[in-house]
Every structure is written in structure tokens, then in C-alpha cells.
Amino acid sequence: MINAGNDLQSRWWNLEARLVERFGKKPDMEAILFLIGIQEFGELRKKFSKEQKQDLMHIAICSLFSQSGYYELEKVDEDGWPHFKQLKALPVMDMIEQENFLKDHILLYFEKTGF
């Protein structure tokens, strides 16, 4: 089990290094979720409101966890915003497990998108 954690950590550091190469600085978790949200929303704007930024991070979380069957895309509204439906409850985890669960899904997402 220790190896799995170390493997996750080394893959995470590798992803961070590639993001630094691409954007010139190391993004935190919120920035990574924001990036994924924009990618999934499919529209890059000069400015998003604070509420829209939160919505984009929510889209990212739902998109990430839809990879494991926790959510599915229900519809895209008239403004182009995706809406998700939760299919099953997320597992109960402590903070570290939650972070690793999220990191694992982020890594899977970037692998699937070929980053």
C-alpha cells in the first residue's frame, strides 16, 4: 500500500512539473480544478465572476468523478453550462484520503486528455 501512495505522489509531481512548464508557475488544487472546469465548459472568457469560477470548479469535480461513475452529465443548459446528476454517494474519507482520491481522478483525467 505504501508503494501505491508513493506512485500517486510521483505521478502527481510529474503532472505538476508539466503544468509548470506549460503555465510558468505551479498551480494549486483550485487552479487545476479551474483549468479542468474551463476545459469541460469549453469556453475561454477573459473574465469569470466569482460565482462562475465556483461553478467551473464544481463542473471539474463532477467531470472528474464521472470517470468513476459517481456523476453523469444530465444536460447542458441554454448558456452552455453542463449540469450533472449524482449517481452514487462518494466514499467517506478523511482529508488525506479525499485529497488522494481527487489527485487520482485528476491524473486519470489528464491521461485521458493526453496531456
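Each reported figure results from applying straightforward, stated rules to the coordinates on display, with no laboratory input. These numbers were taken from a predicted model, which means no experiment stands behind them. Here the Cβ positions follow ideal geometry from the backbone for every residue, glycine too, while neighbour counts run over all protein chains shown.
Based on a Kirkwood Rh over C-alpha pairs, give the Stokes-Einstein translational diffusion coefficient of the range 28-112 at 37 °C and viscosity 0.692 mPa s in µm²/s.
After rounding, the answer is 245 µm²/s.
The range 1-51 and the range 54-86 have Cα centres spaced 17 Å apart. Once backbone amide H atoms are built at 1.01 Å from N, Ser68 has no partners under 5 Å, excluding neighbours fewer than 5 places away on the same chain. Overall, the chain carries a charge dipole of about 380 debye about its Cα centre when +1 sits on the Cβ of Lys and Arg and -1 on the Cβ of Asp and Glu, all other atoms neutral. Beyond 26 Å in Cα-Cα separation lie the following of the pairs Lys50/Lys112; Lys46/Lys88; Lys25/Lys103; Lys25/Lys53; Lys25/Lys112: Lys50/Lys112; Lys46/Lys88.
Annotation: amide H of Trp81 has no partner in the under-5 Å range at sequence separation 5 or more or interchain, hydrogens built in the peptide plane.
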